[in-house]
Amino acid sequence: MAVPQELRARALHCLIEADPDAKVAAVYAMAAAVQEGGCTPDPAAELASSAAIPGRPDKPELVPPLKVGRRSMNTTEGRAMLIHALAHIEFNAINLALDAIWRFPGLPAAYYTDWLQVAREEAYHFSLLDAHLKKQGYRYGDFSGHGALWEMVEKTCDDVLARMALVPRTLEARGLDANPPLRAKLAQAGDQEAAAILDIILRDEIGHVEIGNRWYGYLCRLRSLELMPTYYELARQYNAPTLRGPFNLEARRQAGFTESELEALQAGAQTLAVTPDT
C-alpha cells in the first residue's frame, strides 16, 4: 500500500498497521517527513478506513483489567509481566495519539504536530520497554493485556473536546500518579535500567498531559465553556473512572493543572476515602 502524503491520512495509515515494529518505524518516518516539510494536514481531507482500528497484533490476548496476571517483583517473570504491562500501555498510547490526529479535522496545524510529537515519543517509550523485555527473555505478546485505555478512545470518537478531557487529562494523567511507585518497586528489585526508562516516560508524559490540557482549554474557549464544570459534565456523560489518590501533584502542576483543579481533585479523593461502600 502506498504511503499517503497528507498528514491525517498518513496517521491513519500508521494506526491500522498491526505489527508493533512496523508501526514504530512508520511513526518515525511520518515525523521525519513532517520535519522535512513533505507531510502537512489538509483541512478538507475526508478520511475513512475499512481496516480494523487500531491495528494490533494477535497477541497479547485482551482480558478484563482484573484478570491481568499478578506482578511479583520477587521473580524475573513477575518483573517481566510488569514491563510487559507498561509496554502494552505505551503501544496503546501510540494508537491513541495517531487516532487524535486522523479522527478530528479542522483544527489548527499545531494540534496535529503536537499529537505527532506524542505519537513519536510513545513509540520511543514502547521501543525502550520492548527491548528491555527481550533482555528478560520475553516478547511483547507473551502475557495478557487489557484495553481500558482504548475503550475511552472509542467512547470519545464523536467529540474532540471529550477526547482531550478524558484521555490525556484523565487516563494519561493517572500515569503521572502511578509512575513513581512503580519506579520505586523496580529499583528496589534491582532493575535500575527499567527504573531509568520510567524516568524518561514520566518526563515525556508530563508534556503529553500538558498538550491535552492546552487543547482542552483551547476548545473550551472556542465553545465559550467553563473548564471545570465542563470537565465534570463530560466525566459524568462518558462514565469516566473516578480518580483516587495519591496524586503526583508536582507532575500535574508541570502538566498544566491549576491549583483549583488540584484542590478539587484532592477533595474528591478524600470524600471517596470516607464514604462507606454501598
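The values are calculated or read from the model by the stated rules, or taken from the named source; none is laboratory data. All of these numbers come straight from a predicted model, not from anything done at the bench. Cβ atoms come from the backbone with ideal geometry, glycine included; neighbour counts cover every protein chain shown. SASA here: full protein model, heavy atoms, side chains in, ligands and nucleic acids out. Shrake-Rupley method; radii C 1.70, N 1.55, O 1.52, S 1.80 Å.
Regarding ARG252, is this residue farther than 28 Å from LEU133 by Cα, of a type in the set (Lys, Arg) and not in a helix (DSSP H, G or I)? Step through it out loud before you land on a result.
Details: farther than 28 Å from LEU133 by Cα: yes; of a type in the set (Lys, Arg): yes; not in a helix (DSSP H, G or I): no.
No.
Kindly evaluate GLU210 against the criterion of being among the charged types (D, E, K, R), within 20 Å of LEU166 (Cβ to Cβ), touching a helix residue (DSSP H, G or I) at 6+ places or on another chain (Cβ under 6 Å) and part of a helix (DSSP H, G or I).
no
Which residue pairs have Cβ atoms under 8 Å apart, sit 6 or more places apart or on different chains, and have a first residue in the range 127-146 that is open to solvent by 40 Å² or more (accessible area, probe 1.4 Å) and a second that is of a type in the set (D, E, K, R) and in a loop (DSSP other than H, G, I, E, B)?
ASP142/LYS59
Among the residues of the range 212-249, how many are among the hydrophobic types (A, V, I, L, M, F, W, C) and open to solvent by 80 Å² or more (accessible area, probe 1.4 Å)?
Residues of the range 212-249 among the hydrophobic types (A, V, I, L, M, F, W, C): 215, 219-220, 222, 225, 227-228, 234-235, 240, 243, 247, 249.
Subsequent filtering for residues that are open to solvent by 80 Å² or more (accessible area, probe 1.4 Å) retains 222.
Count: 1.
The rows are residues; the columns are (1) under 20 Å from the mean Cα position of the chain (by Cα); (2) among the aliphatic types (A, V, I, L, M); (3) under 19 Å from VAL167 (Cβ atoms).
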{"position": "ARG223", "(1), (2), (3)": "no, no, yes"}
{"position": "MET228", "(1), (2), (3)": "no, yes, yes"}
{"position": "TYR232", "(1), (2), (3)": "no, no, yes"}
{"position": "ALA240", "(1), (2), (3)": "yes, yes, yes"}
{"position": "LEU243", "(1), (2), (3)": "yes, yes, yes"}
{"position": "GLU250", "(1), (2), (3)": "yes, no, no"}
{"position": "ALA255", "(1), (2), (3)": "yes, yes, yes"}
{"position": "LEU262", "(1), (2), (3)": "no, yes, no"}
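Which pairs turn up if I take residues in the range 169-185 that are more than 11 Å from ALA251 (Cα to Cα) and look for partners that are of a type outside the set (A, V, I, L, M, F, W, C) and surrounded by 16 or more Cβ atoms within 10 Å (Cβ to Cβ) with beta carbon separation below 7 Å, at least 6 apart in sequence or on another chain?
Correct list of pairs: ARG169/GLY212; ARG169/ASN213; ARG169/TYR216; GLU172/GLU205; GLU172/HIS208; GLU172/GLY212.
Pull out all pairs, ordered by first then second residue, where Cβ-Cβ is under 9 Å, the residues are six or more apart or on different chains, the first lies in the range 99-123 and is free of Cβ contacts under 8 Å to residues at least 60 places away in the same chain and closer than 13 Å to ALA11 by Cα, and the second is open to solvent by 10 Å² or more (accessible area, probe 1.4 Å) and of a type in the set (Phe, Trp, Tyr).
Pairs found: none.
Would it be correct to say that GLY268 is closer than 15 Å to LEU166 by Cβ, free of Cβ contacts under 8 Å to residues at least 60 places away in the same chain and open to solvent by less than 40 Å² (accessible area, probe 1.4 Å)?
On the way: closer than 15 Å to LEU166 by Cβ: no; free of Cβ contacts under 8 Å to residues at least 60 places away in the same chain: yes; open to solvent by less than 40 Å² (accessible area, probe 1.4 Å): yes.
So GLY268 does not fit the description; no.
Residues of the range 188-202 being surrounded by fewer than 17 Cβ atoms within 10 Å (Cβ to Cβ), among the small types (Gly, Ala, Ser) and assigned to a helix (DSSP H, G or I), which ones?
Selection gives ALA196 alone.
So which residues in the range 154-178 are open to solvent by 10 Å² or more (accessible area, probe 1.4 Å) and either in contact with a Phe, Trp or Tyr (Cβ under 7 Å, 6 or more places away or on another chain) or of a type in the set (A, V, I, L, M) (or both)?
We begin by selecting, within the range 154-178, every residue open to solvent by 10 Å² or more (accessible area, probe 1.4 Å); these are 154-155, 157-160, 169, 171-172, 174-175, 177-178.
Hits for the range 154-178 are LYS155, VAL160, ARG169, LEU171, ASP177, ALA178.
Are there any pairs, at least 6 apart or on different chains, whose C-beta atoms fall under 7 Å, with the first in the range 148-159 and small (Gly, Ala, Ser) and the second surrounded by fewer than 16 Cβ atoms within 10 Å (Cβ to Cβ), and if so, which?
Every condition considered, the pairs that remain are ALA148/PRO65.
State all residues of the range 65-104 that are under 21 Å from ARG120 (Cβ atoms), out of contact with any His (no Cβ under 8 Å at 6 or more places or on another chain), charged (D, E, K, R) and open to solvent by 10 Å² or more (accessible area, probe 1.4 Å); if no residue qualifies, say none.
ARG103, the sole residue that qualifies.
Please give the number of the condition ALA48 fails out of (1) modelled with pLDDT under 95; (2) surrounded by 13 or more Cβ atoms within 10 Å (Cβ to Cβ); (3) of a type outside the set (D, E, K, R); (4) under 19 Å from VAL153 (Cβ atoms).
Result: ALA48 fails condition (2) only.
Name the residues in the range 84-139 that are more than 23 Å from ALA51 (Cα to Cα), of a type in the set (A, V, I, L, M) and out of contact with any Asp or Glu (no Cβ under 9 Å at 6 or more places or on another chain), would you?
Within the range 84-139, ALA85, LEU86, LEU107, ALA109, ALA110, ALA131 qualify.
Residue check: is CYS39 farther than 18 Å from LEU149 by Cβ and open to solvent by less than 20 Å² (accessible area, probe 1.4 Å)?
Details: farther than 18 Å from LEU149 by Cβ: yes; open to solvent by less than 20 Å² (accessible area, probe 1.4 Å): yes.
When the stated conditions are applied, CYS39 passes them.
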